[in-house]
Structure formats: structure tokens, C-alpha cells
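See below for the structure under consideration.
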Amino acid sequence: MTGLYVTVPVTCFRKGAAREYLETEELPPPATCYGFLLSLVGETDRRRHVGFRVTCGLIGTTSRSVVLRTVWRVKRTPLGSPGNTRPDYQQLLSGASAENPFIELIIWLDSSEEPSSAETLELRVAAALDPDRRDRIARFGGLSLGESTHMVDSVSLVSPRLASSLNERVLSAGLRLFLLRNQGRLTLPVWVDHVGSAGTRYEVGDLVAANELRAPLLDELPKIRPHEAIPA
């Protein structure tokens, strides 16, 4: 299992059912984390690493604001036709204060259950963040977490040295991780159907508080599975 420390200045993890008022989740769902990691390694086939497990934790708190923005809803073609845009309110997350201007996230990932014998996503992420091996990664565009305009500030592997430093931050500010629970109070997507919503799949869990930076149990991490990969 590998840990990543990610910082983002401003972002939004839009709730799937949000319409006129675009609410945000407190932290990125597993499906969002998976898409972020695929972008990091330059992978365009999101089925390449089915079976991958991933979850996210939030260090400290965030500040929540509301903006009025133009939202696209394609109801007729061509794309620029009248009626395809409308103003809507959207929630945004940012750092909690001037002293802590970034959203601080811990992403835990594990590829031990990927069925493919090819290079796993966990290995590819490690290569992308290794100065001596990152030249093997071919990717394009900016690196975002949330919407495409919500650019990432930094991504680091959680090494023992970084973990020691982050533990001080966790002790003072707290850490909450999304972990699977049979009777959890939070439902987040692990696979999103971008054409309609019938193929979207969710996992149930809780935001579990922790007072130290420690890898969770493997079966507590949500698994990336498309609709047809879930047995009846």
C-alpha cells in the first residue's frame, strides 16, 4: 500500500445528485481519486486498472465558499445553442486560513487485487513521482483534482521522513479518512457513468477520525469496479 500527500488551493467535489445548487463533498470520492491517478500517469483507458483500491483522507478543515458561475447543460446541438448554459451557484473548498492556505489530502492506494499481470497503477504512480524514473511517463495537460480548472499544487509519496512531519500536523489538526463500513452514513461513487447515471456505482462508509498517519486495512479501502464487474 502506498500513501500520497496532495495539496490543492481551490476545488469542488460535486455531489452527483446536485443540480441547481452545486454542493461539494468534503473530500474527493474514490472515483475522483482514481481519475486523478490515471491522469498523473498518463493513462486514458479507465478500465486498465479495475480492481484497484483507493481512498482519501482530509487533514484539518477547509473553508467553504459559494460562487455564481455559468454551467453547461447540453440539451440541443450545436453546443453553443441558446439554452445550453445557465447561471448556477456552486460551492468551492479552499484552505482553512492564511496560515493553512491549501487543502491537505492523504490518498492511500493499493494494487494487490488488480487482475492484470502488467504494470500496476501503484507501480506506475511510484514511477511518476520518482525523479530517476519519471521520464518513462508520457502524459499531457495539467494535473487537476476535481474539475479541470482545479489544479493540484503538489503531490508527494509519503516517505518515512514525510510521514514523521505530517504526523505533527495530524496531531494538531486531525485527520478524517473515508473507510468502508457496512452501516456507514456516507455514500461515495467508485465508478461514474458519464452518460446518464445507471452505470454509476457507490460504496458505503464513514469519515473515520485518526490521530496518526497510518495505512488503513486493505478491506477498508473502496475497490474500483465498473457496473458489469460487480457480481449479481
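Arrange HIS150, HIS49, HIS227 by Cβ neighbour counts within 10 Å, fewest through most, would you? Don't skip to the end; give the middle numbers.
On the way: HIS150 18, HIS49 25, HIS227 11.
Fewest to most other Cβ atoms nearby, the residues stand as HIS227, HIS150, HIS49.
For ARG133, project a label point 7 Å along Cα to C-beta. Then give me every residue of the stretch 153-181 with its amide nitrogen under 11 Å of that point. Zone members listed by number: none at all.
Using the Stokes-Einstein relation with a Kirkwood hydrodynamic radius computed over Cα pairs, the translational diffusion coefficient of the stretch 27-107 at 10 °C and a viscosity of 1.306 mPa s comes to 100 µm²/s.
Can you compute the FRET efficiency between LEU162 and VAL66 using 1/(1 + (r/R0)^6), with r the Cβ-Cβ distance and R0 = 45 Å? Round to the nearest 0.05. That pair, LEU162 with VAL66, gives E of 0.85.
Work through the residues other than LEU166 whose Cβ is under 12 Å from its Cβ and net out their charges, Lys, Arg +1 and Asp, Glu -1. Walk me through the intermediate numbers first.
Details: positive: ARG161, ARG169, ARG214; negative: GLU104, GLU168, GLU212.
With Lys, Arg at +1 and Asp, Glu at -1, the neighbours total 0.
Using a Förster radius of 41 Å, what is the FRET efficiency between THR44 and LEU171 based on their Cβ-Cβ separation? Nearest 0.05, please. With a Förster radius of 41 Å, E is 0.55. Rounded, prolate or oblate: which fits the stretch 108-198 when a ≥ b ≥ c are the square roots of the eigenvalues of the alpha-carbon gyration tensor, with rounded for a/c under 1.5 and prolate only if a/b beats b/c? Because its axes are fairly even, with a/c under 1.5, the stretch 108-198 counts as rounded.
Using DSSP to call loops (not H, G, I, E or B), can you name the GluC sites (Glu not before Pro) in the stretch 1-95 whose Cβ has at most 13 other Cβ atoms within 10 angstrom?
Working: sites: GLU20, GLU23, GLU25, GLU26, GLU43; in loops: GLU20, GLU23, GLU25, GLU26, GLU43.
Those satisfying the criteria are GLU20.
Taking other residues whose beta carbon is less than 14 angstrom from the beta carbon of ARG73, and scoring Lys, Arg as +1 and Asp, Glu as -1, yields +4. Divided by 2.2 N^0.38 Å, where N counts the residues, the Cα radius of gyration of the stretch 60-150 comes to 1.59.
Could you tell me the convex hull volume per residue, in Å³, taken over the Cα atoms of the stretch 80-133? Intermediate values should be presented prior to the final figure.
Working: hull volume 14.6 nm³, N = 54.
Considering the Cα atoms of the stretch 80-133, their hull volume per residue is 271 Å³.
With just the Cα atoms defining each centre, how far is the stretch 125-158 from the stretch 159-232? Give it in Å. Value for the Cα centre distance between the two parts: 20 Å.
Taking the chain, how much of its Cα-Cα pair set, in percent, is spaced more than 23 angstrom apart?
On the way: 13558 of 26796 pairs.
The share of Cα pairs beyond 23 Å in the chain comes to 51 percent.
Only the coordinates and a few stated rules stand behind these numbers; no lab work does. Note that the structure is predicted; figures quoted are calculated from it, not measured. Here the Cβ is made from the backbone with ideal geometry for all residues, glycine too, and neighbour counts use every protein chain on show.
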